[in-house]
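Engineer: My questions will all concern the structure given below.
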Amino acid sequence: MRKIISKYEENKNKKIKQYVVGGILIFIMLFSTLGYSFLGGTDSHTNKIIYNDLEFVNQNNFWFLNNGGAEYVFKYNPRQIDFRDISELKDINNYYGKPLYISSKNKEAELEIARNLYSIVQRIQHACLKNRECTENLPEKTCEDNFIIIEESNNPSITQEDNCVIIQGPKKDLLKTIDEFLFNILEIK
């Protein structure tokens, strides 16, 4: 049998329960905020390097560069790249406001190009180079167009013929070669 209690006692017990639950919630919110500010608010994997008066900030295994109001994201920083002499590469001005065509079977390498050039080019589109075998139903483009071809190869290389850039490298180092290309056209090297 349930004990009969007055309305006054029932309201009193209800208020006590509300105060206890409210106090517990305040306690949780206060200490979670304090814990975040002391422990979670700083990224222990964040560091910075200065290269040619440019500041590269490492966050979550990517290197961020804010240069002239544009933000770039790289897998590697310039100190991790063994730069080759690639004098024939055109600079970033060759890409402004123009469509960029890409041919690549490596999605990660393609993404590295796209995330750094998407705000500069008019659009990025998959295509095939004319007179090369194309297994997909893609538009055929020539070296008159801005075209980046990414291929896996044993020897890393970056070459430019007209507006075609051919980036080759072993799968494990292909992103390093892509970043070398980006540093060159952005004149960071």
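Per-residue answers, yes or no, for (1) of a type in the set (S, T, Y); (2) in contact (Cβ under 8 Å) with a residue 12 or more places away in the chain; (3) under 17 Å from E88 (Cα atoms):
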site: A109; (1), (2), (3): no, yes, no
site: Y118; (1), (2), (3): yes, no, no
site: V121; (1), (2), (3): no, yes, no
site: Q125; (1), (2), (3): no, yes, no
site: C143; (1), (2), (3): no, yes, yes
site: Q160; (1), (2), (3): no, yes, yes
site: I178; (1), (2), (3): no, yes, yes
site: K189; (1), (2), (3): no, yes, yes
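Engineer: From the list N11, N47, N52, N61, exactly one residue is modelled with pLDDT of 85 or more and within 16 Å of the chain's Cα centre (by Cα). Which is it?
Structural biologist: Result of the check over N11, N47, N52, N61: N61.
Engineer: Name the residue, out of D91, D85, that is over 18 Å from the mean Cα position of the chain (by Cα), loosely packed, with under 13 Cβ neighbours inside 10 Å, within 18 Å of E71 (Cα to Cα) and of a type in the set (D, E).
Structural biologist: Of D91, D85, the one residue that is over 18 Å from the mean Cα position of the chain (by Cα), loosely packed, with under 13 Cβ neighbours inside 10 Å, within 18 Å of E71 (Cα to Cα) and of a type in the set (D, E) is D91.
Engineer: Please tell me if F147 is in contact (Cβ under 8 Å) with a residue 40 or more places away in the chain and within 25 Å of N52 (Cα to Cα).
Structural biologist: Judged against the criteria, F147 is not a match.
Engineer: Against the definition (in a helix (DSSP H, G or I), buried (at least 19 other Cβ atoms within 10 Å of the Cβ) and at pLDDT below 95), how does N184 come out, yes or no?
Structural biologist: Taking the combined requirement at face value, the residue satisfies it.
Engineer: Next up: Report yes if some residue within region 109-121 is basic (K, R) and either over 15 Å from the mean Cα position of the chain (by Cα) or exposed (fewer than 14 other Cβ atoms within 10 Å of the Cβ) (or both); otherwise report no.
Structural biologist: No, that holds for no residue.
Engineer: Restricting to region 94-126, count the residues that are more than 17 Å from A70 (Cβ to Cβ) and in a loop (DSSP other than H, G, I, E, B).
Structural biologist: First, pick out the residues of region 94-126 that are more than 17 Å from A70 (Cβ to Cβ): 99, 101-111, 123, 125-126.
Narrowing further to those that are in a loop (DSSP other than H, G, I, E, B): 105-106.
So the count comes out to 2.
Engineer: Report yes if some residue within region 148-163 is surrounded by fewer than 21 Cβ atoms within 10 Å (Cβ to Cβ) and at positive phi; otherwise report no.
Structural biologist: For region 148-163, residues surrounded by fewer than 21 Cβ atoms within 10 Å (Cβ to Cβ) and at positive phi: present.
The values are calculated or read from the model by the stated rules, or taken from the named source; none is laboratory data. All values reported here derive from a predicted model rather than from experimental measurement. Reconstructed Cβ throughout: ideal geometry from the backbone, glycine too, with neighbour counts over all protein chains shown.
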